[in-house]
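This report refers to the structure that appears directly beneath it.
The values are calculated or read from the model by the stated rules, or taken from the named source; none is laboratory data. The model shown is predicted, which means the values in this text are computed figures rather than measured ones. A quick note on method: Cβ atoms are made from the backbone with ideal geometry, for glycine too, and the neighbour counts reach across all protein chains shown.
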Amino acid sequence: MATARQHHRRGRTGFRCCSACPVHDMAEMSPMNRKLTQSLAESISKQVEHFNRTEVEFLIREFHVLMGEQTTLGRTVSGLDRGRFRSFLHNNFGMTDDMIMDGVFRTFDKDNDGFVNMREWIDGLSVFLRGTLDEKIEYCFQVYDLNSDNYISREEMFHMLKDSLIRQPTDDDPDEGIKDLVEITLKRMDHDHDGRLSFSDFEKAVRDENLLLEAFGTCLPDSMSTEAFEKLVFQEQLEQ
Ligand SMILES: [Ca+2]
Ligand SMILES: [Ca+2]
């Protein structure tokens, strides 16, 4: 059986599919739905930083495709749940680290209701794909602040870094290397020396050395997957 995305693409390229297909119905929008989507795109594009009206319109349609894959399970929900959102990150941007993907989910889900709704998705992608350094500093800090208490603690650093180091099986204490790395990182970034990173510590450190932006794990897409995603959403739809 074709996935919803394949189904949807086939629908767009002219294959006829079953009349009862909700994904197909959404892809082939009625003039009324198209008008509604356009006026919604118009108003969102005035509030979102880095997408124009047409791009927002395509993002809304893509969101419906992603939601279609979710609602085919027979539930109506207000947005992408954690699992679907993580698949989206994995499939489009090659992310694999569970802790980081959960952090990205938490950062996108601004109202903290357990779903990334359309507006949260578009706002999040504006920073994720096209954010300025300032916006990305704020975004990464939120991803890394696992318990949202406005500090990145030693424990949080330890958890995030432990998967990134290759442990030597001969080490007496395999955690020792990670603890050392946490201390080195703190020494470098903890400007006010209180043993944890506040937003201003993090911001200052990243401004001095931009490579520290993703010090605790890759949470932004690389340029190749950004380009591929934008091509998929913006260009291929234009060609239809
Ligand atoms: Ca939400
Ligand atoms: Ca924290």
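The conditions are (1) crowded, with 19+ Cβ neighbours inside 10 Å; (2) over 21 Å from the mean Cα position of the chain (by Cα), and E183 fails exactly one of them. Which is it?
All conditions are met except number (1).
Determine which member of the set H24, H90 is of a type outside the set (K, R) and modelled with pLDDT under 95. First the steps, then the outcome.
Values: H90 fails: modelled with pLDDT under 95.
Only one candidate qualifies: H24.
Please go through segment 156-172 and pick out each residue that is out of contact with any helix residue (DSSP H, G or I) (no Cβ under 9 Å at 6 or more places or on another chain) and either at pLDDT 95 or above or surrounded by 13 or more Cβ atoms within 10 Å (Cβ to Cβ) (or both).
Scanning segment 156-172 gives no hits.
All but one of (1) of a type in the set (S, T, Y); (2) surrounded by fewer than 21 Cβ atoms within 10 Å (Cβ to Cβ); (3) within 16 Å of ligand 2 (Cβ to nearest atom); (4) closer than 25 Å to S223 by Cβ hold for S153; which doesn't?
(4)
When you scan segment 101-154, how many residues do you find that are of a type in the set (S, T, Y) and not in a loop (DSSP other than H, G, I, E, B)?
Initial filter on segment 101-154 (of a type in the set (S, T, Y)): 107, 126, 132, 139, 144, 148, 151, 153.
Imposing the further condition that a residue be not in a loop (DSSP other than H, G, I, E, B) reduces the set to 107, 126, 139, 144.
Matching residues across segment 101-154 total 4.
Is there a residue being surrounded by fewer than 19 Cβ atoms within 10 Å (Cβ to Cβ), within 16 Å of ligand 1 (Cβ to nearest atom) and either at positive phi or modelled with pLDDT under 95 (or both) anywhere in segment 119-142?
No, because not a single residue in segment 119-142 is surrounded by fewer than 19 Cβ atoms within 10 Å (Cβ to Cβ), within 16 Å of ligand 1 (Cβ to nearest atom) and either at positive phi or modelled with pLDDT under 95 (or both).
How many residues are within 23 Å of D97 (Cβ to Cβ) and either within 16 Å of ligand 1 (Cβ to nearest atom) or not aromatic (F, W, Y) (or both) when one looks only at segment 183-200?
The total comes to 8.
Could you pull out the residue among D175, D180 that is touching a helix residue (DSSP H, G or I) at 6+ places or on another chain (Cβ under 9 Å), more than 16 Å from ligand 1 (Cβ to nearest atom) and not assigned by TED's automatic domain parsing to the domain that holds S225? Show your work before the answer.
Values: D180 fails: touching a helix residue (DSSP H, G or I) at 6+ places or on another chain (Cβ under 9 Å).
Only one candidate qualifies: D175.
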